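Single-structure report; data block below.
The values are calculated or read from the model by the stated rules, or taken from the named source; none is laboratory data. This structure is a prediction, so every number in the text was calculated from the model and none was measured. FYI the Cβ positions are ideal-geometry reconstructions off the backbone, even for glycines, and counts take in every protein chain you see. What goes into the accessible areas is simple: the full protein's heavy atoms, side chains included, and nothing from ligands, DNA or RNA. Shrake-Rupley method; radii C 1.70, N 1.55, O 1.52, S 1.80 Å.
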Amino acid sequence: MSRKTIQEIQSKQGIEKIICLTAYTAPIARLLDEHVDLLLVGDSLGMVLYDYENTLPVTLDQMIEHTKAVMRATSKACVIMDLPFGTYEESKEQALSSSLRAIKETNCSGVKLEGGSLLQETVSYITDRGIPVMGHIGLQPQSIIIDGGYKIKGRDKFEWKKYIDDAVALENAGVFSIVLEGMVEPLAAEITTCIKVPTIGIGASAKCDGQILVTEDMLGLTNISPKFVKQYLDLSRPIQKAIKDYVSDVKSEKFPSIENTYQMKPTIVSKEK
Ligand code: KIV
């Protein structure tokens with residue numbers, strides 16, 4: 001079975017929800033592959049896997065290595081790689097060269113970057129050169145310093161125009177889809193009706209064409225729990241239980257048992273005549 005294409009994902013719009021999750025590593029990606037339309041190798045990996053304070057220190061090399069692992073472990077989902085902070089803002093040429101590295105070195109299906117109207121020219125430049133781009137507006141984690149925190153957007157209606165203009169600018173620049181993060185439901189609904197490309201929500205209500213979550217958040221493997229995250233499982237408990245069992249088995253010499261232990265070949269004793 002071949003990988004889902006961007007066109008197949010777009011064709012779901014208005015018919016069924018587009019299912020997306022993040023994946024950063026081979027074991028998780030392998031488990032998700034057949035269940036989702038799109039896997040995002042998000043730069044949130046900086047906080048989830050590396051315990052950075054925010055996503056800003058993540059490098060292009062890190063993103064590429066994680067995307068390669070996700071690509072090796074999957075065959076069905078469309079895989080998109082986040083361009084990390086500092087790898088596309090300087091110039092459209094810088095954005096193109098980072099995107100080309102992503103595509104050529106990982107063979108993923110496209111890149112995602114954060115930003116709206118200000119990036120219209122950059123996004124056009126990349127998409128015109130054959131690279132599928134996913135936009136990301138609303139709460140932009142890479143803007144943490146300038147925003148002073150992770151704030152929900154659109155609570156006051158006067159803010160709306162900026163986000164609607166951002167979405168339209170990205171659509172005009174040729175993005176295949178836009179992530180709407182951390183915004184009030186009516187704004188997400190308005191953007192979703194204003195543009196033709198599918199919107200993927202995270203903390204942006206069920207009014208979006210699809211949803212995405214950070215997989216480790218929904219599995220209870222992170223200690224962040226914003227309101228928009230539904231924790232489907234608290235994996236930290238069974239993991240801790242298994243570790244305690246292991247410690248106790250090692251101490252009591254229950255592990256390794258005979259089944260986990262190698263023995264020498266049986267010696268053949270020749271009979272004397
Ligand atoms: O980095 C990331 O994981 C993301 C998603 C949360 C959309 O951008």
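The magnitude of the dipole of region 37-92, with charges of +1 and -1 set on the Cβ of Lys/Arg and Asp/Glu and taken from the Cα centre, is near 360 debye.
Within the chain, DSSP assigns beta bridges of which about 5% are antiparallel (rounded to the nearest 5). Full extension of the chain segment joining TYR262 with ARG72 gains 65.2 nm, where the gain is 0.36 nm per residue of separation less the Cα-Cα distance. The string of couplings for region 118-131 from the Karplus curve (6.51, -1.76, 1.60, θ = phi - 60°) is 4, 9, 3, 5, 4, 5, 4, 4, 6, 5, 4, 9, x, 10 Hz, one whole number per residue in order, with x for Gly and Pro. ILE178: net charge of surrounding residues, Cβ under 9 Å, Lys/Arg +1, Asp/Glu -1, itself excluded? The answer is -2. 3J(HN,Hα) couplings calculated from phi for region 150-165 with the Karplus curve 6.51 cos²θ - 1.76 cosθ + 1.60 (θ = phi - 60°) are, in sequence order, 9, 9, 6, 9, x, 5, 9, 5, 5, 6, 4, 3, 4, 6, 5, 4 Hz; Gly and Pro show x. For GLY110, list long-range residues whose amide hydrogen, built 1.01 Å from N in the peptide plane, is under 5 Å from its own amide hydrogen. So GLY110 has HN proximity to MET81. Contact order, relative form, for the chain: 15 percent (alpha carbon pairs under 8 Å, 6 or more residues apart, mean separation divided by residue count).
For region 62-184, the Kirkwood radius over C-alpha pairs fed into Stokes-Einstein at 20 °C and 1.002 mPa s yields D = 143 µm² per second. Element breakdown for region 1-140 at a 1.4 angstrom probe: carbon and sulfur atoms account for 52% of the accessible area. Considering only SER252, SER117, SER177, the mean-square fluctuation computed in a Gaussian network model of the chain, springs between alpha carbons under 10 angstrom, is largest for SER252.
Relative contact order, whole percent, for region 1-122 stands at 25, derived from Cα pairs under 8 Å and 6 or more residues apart. Annotation: per residue accessible area for region 6-234 equals 45 Å², rounded to a whole number [probe 1.4 Å, protein chains only]. Considering only MET81, MET71, MET218, the Gaussian network model of the chain with Cα springs below 10 Å gives its largest mean-square fluctuation to MET218.
For GLU114, neighbours were defined as the other residues whose beta-carbon sits under 14 Å from its Cβ, and their charges (Lys and Arg +1, Asp and Glu -1) total -4. The charge dipole of region 6-234, taken about its Cα centre with unit charges on the Cβ of Lys, Arg, Asp and Glu (plus for the first two, minus for the last two), comes to roughly 400 debye. The Cα atoms of region 145-226 cover 38, 26, 23 Å along the three principal axes, with the biggest extent listed first.
If you run the Gaussian network model on the chain, springs between alpha carbon atoms under 10 Å, then out of VAL70, VAL41, VAL184 the most flexible one is VAL184.
Projecting the Cα atoms of GLN94, ILE152, LEU221 onto the dipole axis of the chain, where Lys and Arg carry +1 and Asp and Glu carry -1 at the beta carbon, places LEU221 farthest toward the positive end. Per-residue 3J(HN,Hα) values for region 174-186, derived from phi via the Karplus relation 6.51 cos²θ - 1.76 cosθ + 1.60 with θ = phi - 60°, read x, 5, 8, 5, 9, 7, 10, 10, x, 9, 5, 3, x Hz in sequence order (x marks Gly and Pro). Shape class of region 6-234 from the Cα gyration tensor (axes a ≥ b ≥ c, square roots of the eigenvalues): rounded, since a/c falls below 1.5. Remark on ILE18: its backbone amide H falls under 5 Å from those of GLY210, GLN211, a criterion applied only to residues 5 or more positions apart or on other chains, H modelled at 1.01 Å from N. Among residues other than LEU49 with Cβ under 12 Å from its Cβ, the summed charge is -4 (Lys and Arg +1, Asp and Glu -1).
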